[in-house]
1. Pairs of alpha-carbon atoms within less than 8 angstrom and 6+ residues apart define the contacts here; what relative contact order does the stretch 23-139 have, in percent?
2. Hey, which aspartates and glutamates would be in cross-link range of residue 82, C-alpha to C-alpha under 20 Å, not counting anything within fewer than 8 residues on its own chain?
3. What trypsin sites (Lys or Arg not before Pro) does the stretch 40-119 have in DSSP loop regions with at most 13 other beta carbons within 10 Å?
4. In nm, to one decimal, how far is the residue 139 label point from the residue 40 one, both placed 7 Å along Cα→Cβ?
5. Can you pull the three principal axis extents for the Cα set of the stretch 23-139, in Å, largest first?
6. Where is the GNM fluctuation largest for the chain (alpha-carbon springs, 10 angstrom cutoff): 48, 118, 84?
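Every number in this text was worked out from the coordinates using simple rules, so none of it is lab data. Not measured: the values here are computed from a predicted model. Positions of Cβ are backbone-derived with ideal geometry, glycine not excepted, and every protein chain shown enters the neighbour counts.
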Amino acid sequence: MGPTASRSESIGLSSKVPTRGDFVFVLPPAQPIFKLALERGYLSAGPSPAGTCALVKQVAALGGDRVTIHQEGVQVNGVLLKNSAPRHADDAGRPMPACWLINYTLGGDQVLLLSDYSPASFDGRYFGPLPVTTIQSVIVSVITWK
């Protein structure tokens, strides 16, 4: 007799629709900004369509949200997010290609991904909104530490 599923849990895996604040596992699309990130060493090589490793980022904005990215930082629906000011240069002094947006409303198929943990993160400040289809899964924290 083969293995059976526990009656206390559902069979198979469930998926969660990403919401603002969720951490997600993302495969970057084939866009020039990700090629630059690979060349400069911001991202390692990997299996994404861009030829890079996957990213883990937090969902800062979803379809319908109004986004501004400017020198002071990223605003979502008028609220300035912490640690979100784009850097003018990377650690090697090379200019960073910020993605400036003013009152841009994300389409229903778009997300903006950021890291409020590290002001030096390579995230939506530089590559802008991404298709929601780049999200492979929502990450559920079990144990975290700093």
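1. Values: 251 pairs, mean separation 33.9, N = 117.
Rounded, it is 29 percent for the stretch 23-139.
2. Candidates past the 8-residue exclusion: 22, 65, 72, 90, 116, 123.
3. Taking the stretch 40-119 and a limit of 13 other Cβ atoms within 10 Å, the loop trypsin sites (Lys or Arg not before Pro) found are 82.
4. 2.2 nm
5. Computed over the Cα atoms, the extents are 36, 33, 23 Å.
6. 118
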